[in-house]
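Just so you know, all these numbers are worked out from the coordinates, no wet-lab data involved. All values reported here derive from a predicted model rather than from experimental measurement. Every residue, glycine among them, receives a Cβ derived from its backbone with ideal geometry; neighbour counts consider all protein chains shown.
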Amino acid sequence: MPTARLLLPLVVLSLLCGCRNLTPIRPAKRVPPVVLEPLAPSPRLILGRIIATDPGQGFVFVDLAGDAPVAALAEGTEYICRTLELRETGRVRASRYVRGRTLGTTLIAGQPALGDEVVWLAP
């Protein structure tokens, strides 16, 4: 019987203390809202990909993308050729040769390879 008298206060004390949290609850810190500027569209537009080159004659043929702007296809317009890693491989100039989705260009500098992107720097 004396053991039961000692256990009862211990049980009550452990139940009351076990349900209590000793750390105070702090209100959440207010973080100022982040104002994001909308991204501006890139002035570089991908016209298409190189499908054939003739380094001896200085010709490069480009398969045009479906959304290539007509203004970019004007004779004399210069383009940048680059790899998928965005490393420049050459520069070409548009000729008047446009047949369907194929654009003929003349090589200005570099050594563009098959599959390279052809990019127009929009005004």
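The HN-Hα couplings worked out from phi for the range 55-60 by the Karplus form 6.51 cos²θ - 1.76 cosθ + 1.60 (θ = phi - 60°) are x, x, 8, x, 9, 9 Hz, whole numbers, x standing for Gly and Pro.
Label positions at ILE46 and ALA28, each projected 7 Å from the Cα along the C-beta direction, are separated by 4.0 nm.
Using only Cα atoms and rounding to the nearest 10 degrees, what angle (0 to 90) does helix 2-18 make with the longest principal axis of the chain? Computed tilt is about 30 degrees. From helices alone, the chain scores -4500 deg cm²/dmol at 222 nm; the rule is -39500 (n - 2.57) for each run of n ≥ 4 DSSP H residues, then divide by the residue total.
Of the GluC sites (Glu not before Pro) found in the range 32-123, those in coil by DSSP whose Cβ has at most 15 other Cβ atoms within 10 Å are GLU75, GLU85.
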